[in-house]
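Working notes, beginning with the structure itself.
The values are calculated or read from the model by the stated rules, or taken from the named source; none is laboratory data. Quick caveat, the model's predicted, so the values are computed rather than measured. Every residue, glycine among them, receives a Cβ derived from its backbone with ideal geometry; neighbour counts consider all protein chains shown. Just the protein is used for accessible areas: all its heavy atoms, side chains included, with ligands, DNA and RNA removed. Shrake-Rupley method; radii C 1.70, N 1.55, O 1.52, S 1.80 Å.
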Amino acid sequence: QVQLVESGGGLVQAGGSLRLSCAASGSIFSINAMGWYRQAPGKQRELVATTTSGGSTNYAESVKGRFAVSRDNAKNTVYLQMTKLKPEDTAVYYCNVEIPYRSYWGQGTQVTVSS
């Protein structure tokens, strides 16, 4: 059993910052990747940022230079530092953990960016 607990969402004005965290717990022996996806109202879920076990990162073009994903392997925790937030960043952000043959999702945390 694997559980992902997200936190850090909230309401901010454009240009502000938020830091999301996601802690994975349970029967985790190997994590291939951890990252974040988001889904805005009326839109499909999209990749935001991921980090592999080796530390490499991948970002959606829309967030490059503004978001930073990091990982604490000892804690099985992934973070998403979001800066220069824009209204279009408004979405439910979902943590994702990939282990061999499986993917797990967090409960989602709402990020709302107002103008």
I'd like to know if the range 33-54 contains one or more residues that are under 20 Å from L4 (Cα atoms), modelled with pLDDT under 95 and aromatic (F, W, Y).
no
Of everything in the range 1-43 that's outside any strand (DSSP E or B) and closer than 24 Å to Y101 by Cβ, which residue is most open to solvent (accessible area, probe 1.4 Å)?
F29
